[in-house]
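J.: Sharing a structure below in structure tokens format, with a few things to ask.
The values are calculated or read from the model by the stated rules, or taken from the named source; none is laboratory data. Because the structure is a prediction, the values reported are computed rather than measured. FYI the Cβ positions are ideal-geometry reconstructions off the backbone, even for glycines, and counts take in every protein chain you see. Calculation scope for accessible area: heavy atoms of the full protein, side chains included, ligands and nucleic acids excluded. Shrake-Rupley method; radii C 1.70, N 1.55, O 1.52, S 1.80 Å.
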Amino acid sequence: MSTIVRNIGTTLEMIKIEHTLFALPFAFLGAVLAAHGIPSATQILWITLAMVGARSTAMAFNRVADKDYDARNPRTRMRAIPAGVLSVSFVLVFTVFGAALFLFAAAMLNRLTLLLAPVALASVVLYSYTKRWTMLSHLVLGWCLAIAPTGAWIAVRGSIDSPAPLLLSLIVMLWTAGFDVLYACQDYEFDRREGLRSIPARFGIAGSLWISRLLHLGAFAALVALYFVTHLGVLAVVGLIATGALLIYQHTLVRADDLSRLNAAFFTTNAFVSVILLLTFGGAVFWKP
């Protein structure tokens, strides 16, 4: 039993379960906008468990799919599977449990969330292989995370009856793709050597930084559109300004000849963006001076 508990802890550390914070606030924001207030306690519970299950499935499966590449990459060779700390079979069992949790939570929400759940699972599994054949893998990752806010909207309303959740999902997709392009710059040389098709491998680091900026500009434009569609008040304007400032700040941290502050750009600012939007756009639902 102690070995199983230790392995579960190692797996949670390997998949960076704490980084669920990147996407969970967007799911909550989708739910708050759909409910025009606070969703029911049961809806919040099942949305949270669905998010944890989906992300655990995605990250654990990705670690299995990429284990051979991780073993050859100096940056990732000490991850749990290539380092021999976890077996592939254990992580696959963990993946199945994550998928089961996601499907069960979707079933507990409503019929449409359950019907669409296999699409979400197929997306997160497919993502793990996209880098082998397309440089658009960054957008596929964005799509995987973008499912969350629209899924949460459907969880509350049972339908998509507004452009608001679609705009929120577009924001998440472009925002995620933009920071994933930045993150992939770390593996520029490895991806080229292995024949992996990332945007940095295709366009170089300098070109990729500009592509990331354009993706984040698109995300900000979609955020402005969301503001006008939702007719939220001054608090949402604060969120617009703060998000724009954080995105600009993120791009001041990295240069083509200096990626040393990339982790600060990736982890710190990204966690802030999702939380700020939840507090401001979500808060504006309750407070309209």
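J.: Scan region 186-200 residue by residue and report those that are assigned to a helix (DSSP H, G or I) and surrounded by fewer than 22 Cβ atoms within 10 Å (Cβ to Cβ).
T.: Scanning region 186-200 gives 186, 187, 188, 189, 190, 192, 193, 194.
J.: What single numbered condition from (1) of a type in the set (A, V, I, L, M, F, W, C); (2) within 30 Å of residue 200 (Cα to Cα); (3) open to solvent by 20 Å² or more (accessible area, probe 1.4 Å); (4) touching a helix residue (DSSP H, G or I) at 6+ places or on another chain (Cβ under 7 Å) fails to hold for residue 26?
T.: (3)
J.: Confirm whether residue 124 is among the β-branched types (Val, Ile, Thr) and buried (at least 16 other Cβ atoms within 10 Å of the Cβ).
T.: When the stated conditions are applied, residue 124 passes them.
J.: Could I ask something else about it? Would you be able to tell me the number of residues in region 108-121 that are hydrophobic (A, V, I, L, M, F, W, C) and either touching a Pro at 6+ places or on another chain (Cβ under 7 Å) or open to solvent by 50 Å² or more (accessible area, probe 1.4 Å) (or both)?
T.: Going through region 108-121, the residues hydrophobic (A, V, I, L, M, F, W, C) turn out to be 108-109, 112, 114-117, 119-121.
Of the ones still in play, those that are also either touching a Pro at 6+ places or on another chain (Cβ under 7 Å) or open to solvent by 50 Å² or more (accessible area, probe 1.4 Å) (or both) are 108, 112, 114-116, 119.
Going through region 108-121 one residue at a time, the tally reaches 6.
J.: I'd like to verify a number: residues in region 113-159 that are outside any helix (DSSP H, G or I) and within 18 Å of residue 182 (Cβ to Cβ), how many?
T.: Going through region 113-159 one residue at a time, the tally reaches 3.
J.: While we're here: Can you tell me which residue among 29, 24, 45 is at pLDDT 85 or above, under 20 Å from the mean Cα position of the chain (by Cα) and either of a type in the set (Asp, Glu) or farther than 22 Å from residue 94 by Cβ (or both)?
T.: Exactly one residue qualifies, and that residue is 29.
J.: A further question on this structure: Quick one: count up the residues across region 220-236 that are over 24 Å from the mean Cα position of the chain (by Cα) and either open to solvent by less than 60 Å² (accessible area, probe 1.4 Å) or under 22 Å from residue 161 (Cα atoms) (or both).
T.: Total satisfying the criteria: 5.
Yes/no matrix, rows are residues, columns are (1) assigned to a helix (DSSP H, G or I); (2) farther than 26 Å from residue 177 by Cβ:
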residue	(1), (2)
28	yes, no
32	yes, no
39	no, yes
45	yes, yes
59	yes, no
90	yes, yes
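J.: Of the conditions (1) in contact with a Leu (Cβ under 6 Å, 6 or more places away or on another chain); (2) part of a loop (DSSP other than H, G, I, E, B), residue 218 satisfies every one except a single condition; which number is it?
T.: Unmet condition: (2).
J.: Here's something else I'd like to know. Is it fair to say residue 171 is part of a helix (DSSP H, G or I), at pLDDT 95 or above, out of contact with any strand residue (DSSP E or B) (no Cβ under 8 Å at 6 or more places or on another chain) and open to solvent by less than 50 Å² (accessible area, probe 1.4 Å)?
T.: Yes; evaluated as a whole, the condition is true for this residue.
J.: Of all residues in region 250-264, how many are surrounded by 13 or more Cβ atoms within 10 Å (Cβ to Cβ) and within 21 Å of residue 25 (Cα to Cα)? Walk me through it before giving the result.
T.: Restricting attention to region 250-264, the residues satisfying the condition of being surrounded by 13 or more Cβ atoms within 10 Å (Cβ to Cβ) are 250-251, 253-256, 259, 261-262, 264.
With the extra rule that they be within 21 Å of residue 25 (Cα to Cα), the set shrinks to 250, 264.
Looking only at that region, the number is 2.
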